[in-house]
1. If G495 satisfies all but one of (1) in contact with a Phe, Trp or Tyr (Cβ under 8 Å, 6 or more places away or on another chain); (2) modelled with pLDDT of 90 or more; (3) closer than 26 Å to L222 by Cβ, what's the number of the condition it fails?
2. Has segment 31-51 got any residue that is farther than 21 Å from L235 by Cβ, crowded, with 21+ Cβ neighbours inside 10 Å and within 16 Å of the ligand (Cβ to nearest atom)?
3. Can you tell me which residue among L265, L235 is touching a helix residue (DSSP H, G or I) at 6+ places or on another chain (Cβ under 6 Å), modelled with pLDDT of 95 or more and not polar (S, T, N, Q)?
4. Checking R368 against (1) within 16 Å of the ligand (Cβ to nearest atom); (2) assigned to a loop (DSSP other than H, G, I, E, B), which single condition isn't satisfied?
5. Could you tell me whether segment 396-406 includes any residue that is modelled with pLDDT of 95 or more, farther than 24 Å from G59 by Cα and within 16 Å of the ligand (Cβ to nearest atom)?
6. Condition first: under 21 Å from L117 (Cα atoms) and either of a type in the set (S, T, Y) or at pLDDT 95 or above (or both). Now tell me which residues in segment 274-303 satisfy that.
7. Criterion first (in a loop (DSSP other than H, G, I, E, B) and either crowded, with 16+ Cβ neighbours inside 10 Å or over 22 Å from the mean Cα position of the chain (by Cα) (or both)) does S285 satisfy it?
8. Looking for whichever is closer than 21 Å to T78 by Cα, of a type in the set (D, E) and surrounded by 14 or more Cβ atoms within 10 Å (Cβ to Cβ) here; the options are D410, D422. Which one fits?
Amino acid sequence: MGFLQSILKQSPFRGTMPAGRVPLFARGRPSLPFPHPWNYHQPIRILDSFFWRADEVSGPARHTRYLDVPGFDPILVTRDPRLIRAISTITSDQPGHFDRDTLPSSGIARATGQDTLLYSNGASWKHQKKIATPPFARTTLFQPERFHDFESLFRHTVAQRLEVMQRRLQEQSSSAAPPNTAALDVELEPEIKALMLEMLVNCFFGAQISYDEIYDRYVPALDRVIAHIVRDTVLTNVGVPLHRLPAFTSGLKKDQQAKLIFEELTDRVIAQRSACTGLWGHFKSDASDDALRGNIRVFLAGALEATTSYASWAIAHLARHPHIQSRLYAEIHSINEYSPEVLARCTVLNSVLDETLRLTPSLYFHPRRATAETQIDLGPLPGTTEPQTFIIPKGTHILLDVWHANRHEDHWGVTKTGYRADEFHPERSEKLATQDRGDFLHFGFGHGPRFCPGKNLGQLEVALVVGACVKLFEFESLTNSIVPRAGVSTKPLDGVRVNLRPRVMNAAPIQTASEPGNSVSAASSPATRCPFGFGGKSQ
Ligand code: HEM
């Protein structure tokens with residue numbers, strides 16, 4: 001029936017809500033509507049191709065589109081927040097609920113193992129959730145004393161790295177004429193990434209890994225593993241099993257070496273479990289180290305990608321909006337410690353981060369799969385009384401396209417929020433904070449049972465890095481436009497290239513944490529490498 005229906009070009013979806021059919025081939029489209037070896041490095045263009053000329057249609061079909069090729073399960077792509085929310089809400093281990101689709105993460109599973117919170121579904125996912133998420137829970141992390149310890153350790157680490165950079169800029173400025181104008185043209189993303197990994201492995205898991213090792217050994221290895229994951233997912237899905245090929249090219253050999261280094265990092269983090277350092281001390285579980293290994297790999301690679309993406313985008317946006325940077329500086333310049341209460345009061349910082357995640361979400365689509373024929377009840381459209389239903393057949397691959405949902409004028413535009421949807425306006429978030437946020441979900445951390453368990457940790461890390469950066473430096477972008485690149489997550493294509501200038505020349509070094517009990521390990525004590533693009537080691 002499905003095959004015939006597909007040949008006859010009849011929609012596989014029933015119910016009162018229509019979905020728009022996308023042809024397999026069409027002239028003038030940004031890309032073919034499925035990944036293949038020539039377009040997989042531009043996944044946002046693949047999603048663009050689903051919505052090519054969709055705005056010429058009125059009604060819900062402009063936001064929900066499908067590709068139906070005879071002999072294959074249909075692929076549904078939606079940028080309709082109502083549908084994204086409804087499908088996310090019923091993604092769990094319950095009978096008839098959606099699974100997270102494993103197809104787009106098959107390369108991740110080959111790199112991290114299948115036994116993980118990210119990859120597994122059904123009863124196995126429930127089990128993973130139970131054993132792996134408690135240390136990240138708000139109740140664990142935001143317990144006042146514990147939060148204070150982590151926040152000051154994180155802050156200390158960020159401060160150390162930025163302090164070195166500040167000193168270098170001061171040195172440069174004293175030798176430059178005229179004084180106080182020294183600015184460096186730097187790419188911040190590699191530095192943000194090293195800092196994020198340092199916070200995760202040393203502050204969170206209590207490992208003692210030097211910044212030089214993190215920067216020179218582990219970050220490049222993780223970058224290579226992530227690039228391999230993206231290639232492997234696409235090529236294996238189109239029939240070139242990359243993971244089965246012998247390492248006869250130097251590229252594949254380097255990928256295998258990178259995987260070994262990733263394994264070594266995982267070992268070093270797990271080794272801290274018996275020493276009860278960092279949050280391991282609060283990790284009460286009977287699960288063996290081996291049972292946790294896959295999840296630790298996911299946390300290391302996935303959390304690093306997501307937090308780097310989030311902080312990189314925030315800094316990239318601020319670099320193009322000096323007046324917002326000034327407002328943020330005015331709010332945070334006198335804050336020396338971010339308690340949960342202080343963080344909650346930082347309205348500009350929170351709205352900058354919220355708007356960042358809306359306009360440029362780190363995870364740009366959330367994959368789902370229908371485990372059974374499922375009816376979605378959507379309620380009536382504005383101005384109508386008839387509830388809408390959408391019936392999705394079993395096996396359908398679903399891409400919840402939050403990238404396009406969040407930047408569409410229909411959902412986030414001038415009429416609804418007062419600002420253009422495709423522009424960065426933190427004021428939008430401040431305004432919406434006074435309204436029912438249920439109508440304005442950007443899904444930056446997901447929604448429903450498979451919501452991100454690392455939200456609190458990630459949010460804290462990103463807030464500290466962005467806050468510290470604004471406190472110490474003024475930065476401006478060399479270009480107005482902001483172009484994304486996407487793989488596992490999205491990032492600015494230019495690697496966050498900015499002109500960086502210290503705010504207060506000859507100022508005392510920024511305050512670092514010196515609370516007892518927060519002594520930073522020898523490994524992460526005063527920086528041996530100057531971060532933020534100066535290269536070489538500091539004296
Ligand atoms: C701060 C930046 C972060 C962002 C923007 C982010 C975003 C997300 C999103 C959108 C999802 C849901 C995906 C879906 O519904 O298919 C997710 C899930 C997940 N995140 Fe995060 N995340 C971040 C940080 C972290 C951190 C720090 C960790 C762990 C240390 C983490 C671990 C996970 C895991 C394990 C899942 C899968 C949960 C499940 O399926 O039950 N994330 N994340």
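The values are calculated or read from the model by the stated rules, or taken from the named source; none is laboratory data. Nothing here was measured: the structure is a model prediction, and the numbers come from that model. In this analysis, Cβ positions are derived from the backbone assuming ideal geometry, glycine residues included, and neighbour counts consider all displayed protein chains.
1. G495 satisfies every listed condition except (1).
2. no
3. After applying the criteria, what remains is L265.
4. (2)
5. Checking segment 396-406: not a single residue is modelled with pLDDT of 95 or more, farther than 24 Å from G59 by Cα and within 16 Å of the ligand (Cβ to nearest atom).
6. Across segment 274-303, the qualifying residues are S285, S288.
7. Criteria met by S285.
8. Going through D410, D422 in turn, the sole match is D410.
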